[in-house]
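The values are calculated or read from the model by the stated rules, or taken from the named source; none is laboratory data. Since the model is a prediction, treat every value here as computed from it, not as a measurement. All Cβ positions, glycine included, derive from the backbone under ideal geometry; neighbour counts span all protein chains shown. Note: areas computed on protein heavy atoms with side chains; ligands, DNA, RNA excluded. Shrake-Rupley method; radii C 1.70, N 1.55, O 1.52, S 1.80 Å.
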Amino acid sequence: MLGSRAGLETTPAGVRILVANTEIGQGTRTMLAQIVADGLGIPYEQVEIAQPDTSVVPDSGPTVASRTCMVVGGLLEKCARRMRERIGHTSPAEYHARQGRLHVEEQYAAPEGRRWSDETYRGDAYATYAWGCDVAEVELDPVTHETRVTKFTAVQEFGRPIHPAMARGQIEGASAQGMGWALLEHVVMRDGQMANAQLTNYVIPTTLDTPPMDVVMLENPYAGGPFGAKGVGEMPIDGPAPAVVNALRHAGLDVRSIPATPEALLSTPRLRSVNGASDAAQEDGAR
Amino acid sequence: MRTRFTLNGEPRELETHPMRRLLDVLREDCGLTGTKEGCGEGECGACTVLVDGEPVVSCLVPVAQAEGCELLTIEGLGGDHPLQRSMMTEVGAQCGICTPGVVLAAKALVDAPRKPTLARVREALAGNLCRCTGYEAIHRAVLAAHAERHAK
Ligand code: FES
Ligand code: FES
């Protein structure tokens, strides 16, 4: 959203972030406070964040599309630098005690060369993209058609991570969900409603269904994001299911839908010829 | 009916219906909201508490069954168990709903002197669903906590 705004104000203890983006466990609060602390050159502990209620904070646009870090974090980095210029060498708390509250706000503008219209919602919706590659190694039981992912490797490039341990957690969590989507999670719809919305009949991966994961974060700072960051929120959930399906295809099964449950695989046709799946091909030929 | 048990080291006595879920008695009557409800049907482990040292899902236990038992909830750990610290440093919690249950379910592994294998950690936590972390950070936290707890 081109109109997205973010603000920063001094408080008796330091500064308060004013944004509409919500913390739902993904680490937004920590990550935004890190950006502000680093932008201002103050300790992390002196940064608090207002409740994301637009009666007290500006409209920063929605918490969607992996944009919070890159777009809203970017606005906050600008706010922090502007505030630093205004207050000079004093700390925000000292400035607040002497001069009263200082409030700065920044509004998002599309980067050079990017076209977007808020009227028609047309144009280049994204200023940049993150990149990922997933590798799933699977074991398929030829009798029961049970599939296990034995090892999973995720390589992701999303600029420079602001908080590498939390970014790793986003990738690991999304990868596990993606593998669950590929092999277990079957939404049954009846009369426009999900008929299996309980954990007893909608099965998600446990510790025993989730393989060891290798996560590689390729650092490639992006000039348009705060401290070189892009977004990592959603990307890591996109690749795992295709990777698992491709592994099953490599094993000779013509899988075209998910979840690839044993019941579904039992009636999945075999591929005629697959590199490295000569057994399957031979069996086919013998029939 | 009057029910007596020891809760986080303190004797408690309360008047309540014997068939109420231990989960509700802990959260509503005792005010200990650290114990979470994920599914309410025994599948997710978010409501795990220790009853006489054994992990149980408090959403399936009528309070009458806790009569005379020693109960430990996440509040009883006081915040400085090595596993609580390592869950912070390894970022073993994202939304945090599974976290109290995970910590209590893994506590015995961390406290036992024998170093657990990764397979043992997975097995011990197989009843605790986590939608956010993919479990990897939780496993790292359990192993790190064990190392810290038993460092010479
Ligand atoms: S709430 Fe008790 S197991 Fe899910
Ligand atoms: S941290 Fe969200 S369910 Fe485990």
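Applying the set (1) in a loop (DSSP other than H, G, I, E, B); (2) within 22 Å of the chain's Cα centre (by Cα); (3) surrounded by fewer than 19 Cβ atoms within 10 Å (Cβ to Cβ) to A:T30 leaves exactly one unmet item: (1). Scanning segment B:93-126 for residues that are within 16 Å of ligand 1 (Cβ to nearest atom), in a helix (DSSP H, G or I) and open to solvent by 10 Å² or more (accessible area, probe 1.4 Å) yields B:T99, B:P100, B:A105, B:A124.
Residue-by-condition table, conditions (1) among the aliphatic types (A, V, I, L, M); (2) modelled with pLDDT of 95 or more; (3) surrounded by 15 or more Cβ atoms within 10 Å (Cβ to Cβ):
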| position | (1), (2), (3) |
| --- | --- |
| A:T210 | no, yes, yes |
| A:V232 | yes, no, yes |
| A:I258 | yes, yes, yes |
| A:D279 | no, no, no |
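Among the residues of segment B:6-41, the ones that are within 14 Å of the chain's Cα centre (by Cα) and either assigned by TED's automatic domain parsing to the domain that holds B:A108 or assigned to a loop (DSSP other than H, G, I, E, B) (or both) come to 8 in all.
Every residue, every condition in (1) buried (at least 16 other Cβ atoms within 10 Å of the Cβ); (2) over 17 Å from the mean Cα position of the chain (by Cα), yes or no:
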position	(1), (2)
A:R122	no, yes
A:V143	no, yes
A:F152	yes, yes
A:A174	yes, no
A:Q193	no, yes
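Out of all the residues in segment B:33-52, is one or more surrounded by fewer than 19 Cβ atoms within 10 Å (Cβ to Cβ), within 16 Å of ligand 2 (Cβ to nearest atom) and away from chain A (no Cβ under 14 Å)? There is at least one residue in segment B:33-52 that is surrounded by fewer than 19 Cβ atoms within 10 Å (Cβ to Cβ), within 16 Å of ligand 2 (Cβ to nearest atom) and away from chain A (no Cβ under 14 Å). On inspection, B:L129 does not qualify as open to solvent by 70 Å² or more (accessible area, probe 1.4 Å) and within 12 Å of chain A (Cβ to nearest Cβ). The residue that is least open to solvent (accessible area, probe 1.4 Å), among those in segment B:54-74 that are touching a strand residue (DSSP E or B) at 6+ places or on another chain (Cβ under 9 Å) and among the charged types (D, E, K, R), is B:E67. Say whether the condition of being closer than 23 Å to A:Q198 by Cα, within 14 Å of chain A (Cβ to nearest Cβ) and more than 16 Å from ligand 2 (Cβ to nearest atom) is met by at least one residue in segment B:60-79. Yes: one or more hits.
Selection within segment B:86-101: residues that are within 7 Å of ligand 2 (Cβ to nearest atom) and farther than 17 Å from A:T30 by Cα. The member of this set that is nearest to the other protein chains (Cβ to nearest Cβ) is B:I97.
Within segment A:20-36, residues that are more than 15 Å from A:V232 (Cα to Cα) and away from every other protein chain (no Cβ under 14 Å) have Cβ atoms under 7 Å from residues that are among the aliphatic types (A, V, I, L, M) and open to solvent by 20 Å² or more (accessible area, probe 1.4 Å) in these pairs: A:A33/A:I49; A:I35/A:I162, counting only partners at least 6 apart in sequence or on another chain.
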